[in-house]
Structure formats: structure tokens, C-alpha cells
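What follows is a set of notes on a single structure, which appears directly below.
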């Protein structure tokens with residue numbers, strides 16, 4: 001091996017972990033697109049490499065593109081790359097805060113409207129009111145489900161009290 005060995009390591013890698021990627025799409029061009037939604041960067045480099053390995057083993061003839069959609073409060077801490085003498089691996093990270101919330105607010109999809117709370121927001125109160133207005137137009141059960149989603153996502157930005165106050169003012 002060209003180096004002096006100091007110990008023979010006895011290693012066995014038994015694993016019964018079930019791995020489930022957040023989203024995996026087959027694209028029109030026959031390639032695959034893997035998307036992970038994350039609120040923390042710790043350990044993502046190796047996790048994305050593991051997913052890459054599992055997905056490529058399952059679909060060996062398809063090109064795979066991977067992306068992390070980051071929704072955390074702190075700046076992304078990882079370089080999204082692993083560089084070692086016999087390994088070079090990288091994936092793309094998109095920080096949700098780099099997306100203009102207007103794109104999602106203008107969508108006809110309520111789910112995309114709700115996701116706007118994670119984007120770059122100039123006027124938090126105005127954006128929250130706009131989302132809540134769309135929610136207020138729903139039937140009662142759907143309204144409750146949408147409010148729950150909005151509250152959960154608002155926690156990722158520390159906006160739960162603003163959402164709660166605005167929802168109460170709108171009698172939601």
C-alpha cells in the first residue's frame with residue numbers, strides 16, 4: 001500500500017436502516033432529480049453521498065442530479081462538497097431565503113403561497129396577511145389543515161407569533 005500499517009482493523013457494516021429520500025423525480029429526459037428539504041446543514045455531505053449511492057444502485061443507467069433546499073435560520077455551514085484523494089462529490093444547495101417570496105405568492109397554488117413564508121420577505125406582516133387571506137377562502141377543514149402547515153413553517157423563521165396574531169385578527 002506504500003505506507004506502514006500499524007493495525008489491521010476488523011470492521012463489519014451491518015445496517016437495517018430504512019432510507020427514504022424526501023423527493024425523487026423521474027424527469028422527461030429520463031434522468032433523475034433528488035431533492036432534500038433541510039433545516040440544518042450538519043452531516044448533509046455524507047448523507048447526500050449515501051443517497052447518491054443508493055439511488056444510482058437502484059437506477060444505474062440514469063443520470064442523477066441532487067439538490068438541497070435549505071430552510072434553516074442560520075447560514076448554510078457546509079461546503080456541499082466532499083474532496084478526498086479518491087473521491088470527489090458535490091451537490092447543489094439553494095437557500096430558500098434567496099428566493100423572492102413574490103414568485104410563490106403569485107402562484108395559484110396555496111401550497112406555494114404557504115411556502116412563501118420561508119423566502120426572502122421585505123414586509124413580513126403583509127406577506128403573512130396575504131397568505132392568511134388565501135387560507136380564509138377555504139372550507140373549514142381545509143382551512144385548519146392550511147393553518148397548521150403555515151404555523152409549522154412559520155416556526156422555521158421565528159414568525160409563529162406574528163402568524164398567530166394576524167390569524168386571530170382575521171378570526172381564523
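Any read-out appearing in this document is the output of simple, stated calculations on the displayed coordinates, not a laboratory observation. Everything numeric in this text was worked out from a predicted model, so none of it was measured. Using ideal geometry, Cβ is built from the backbone for each residue, glycine included, and neighbour counts are taken over all protein chains shown.
Is one or more of the residues making up the stretch 18-30 without any contact (Cβ under 8 Å) to a residue 60 or more places away in the chain, on the phi < 0 side of the Ramachandran plot and in a helix (DSSP H, G or I)? Quick ask: steps written out before the conclusion?
We begin by selecting, within the stretch 18-30, every residue without any contact (Cβ under 8 Å) to a residue 60 or more places away in the chain; these are 18-30.
Remaining after also requiring on the phi < 0 side of the Ramachandran plot: 18-29.
After this cut, where a residue has to be in a helix (DSSP H, G or I) as well, the list is none.
No, there is no match, as no residue in the stretch 18-30 is without any contact (Cβ under 8 Å) to a residue 60 or more places away in the chain, on the phi < 0 side of the Ramachandran plot and in a helix (DSSP H, G or I).
Please determine whether any residue of the stretch 150-163 is within 16 Å of residue 98 (Cα to Cα) and crowded, with 19+ Cβ neighbours inside 10 Å. It would help to see each step written out before you state the result.
Residues of the stretch 150-163 within 16 Å of residue 98 (Cα to Cα): 156-157.
Next, only the ones that are crowded, with 19+ Cβ neighbours inside 10 Å stay: 157.
Checking the stretch 150-163: at least one residue is within 16 Å of residue 98 (Cα to Cα) and crowded, with 19+ Cβ neighbours inside 10 Å.
To keep it simple, each residue is scored yes or no on (1) loosely packed, with under 12 Cβ neighbours inside 10 Å; (2) touching a helix residue (DSSP H, G or I) at 6+ places or on another chain (Cβ under 7 Å).
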{"position": "7", "(1), (2)": "yes, no"}
{"position": "11", "(1), (2)": "yes, no"}
{"position": "23", "(1), (2)": "yes, no"}
{"position": "44", "(1), (2)": "no, no"}
{"position": "55", "(1), (2)": "no, no"}
{"position": "65", "(1), (2)": "no, no"}
{"position": "68", "(1), (2)": "no, yes"}
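So that you can scan it fast, the table gives a plain yes or no per residue for (1) part of a loop (DSSP other than H, G, I, E, B); (2) farther than 15 Å from residue 118 by Cα:
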residue	(1), (2)
42	yes, yes
45	no, yes
48	no, yes
62	yes, yes
75	yes, no
78	yes, yes
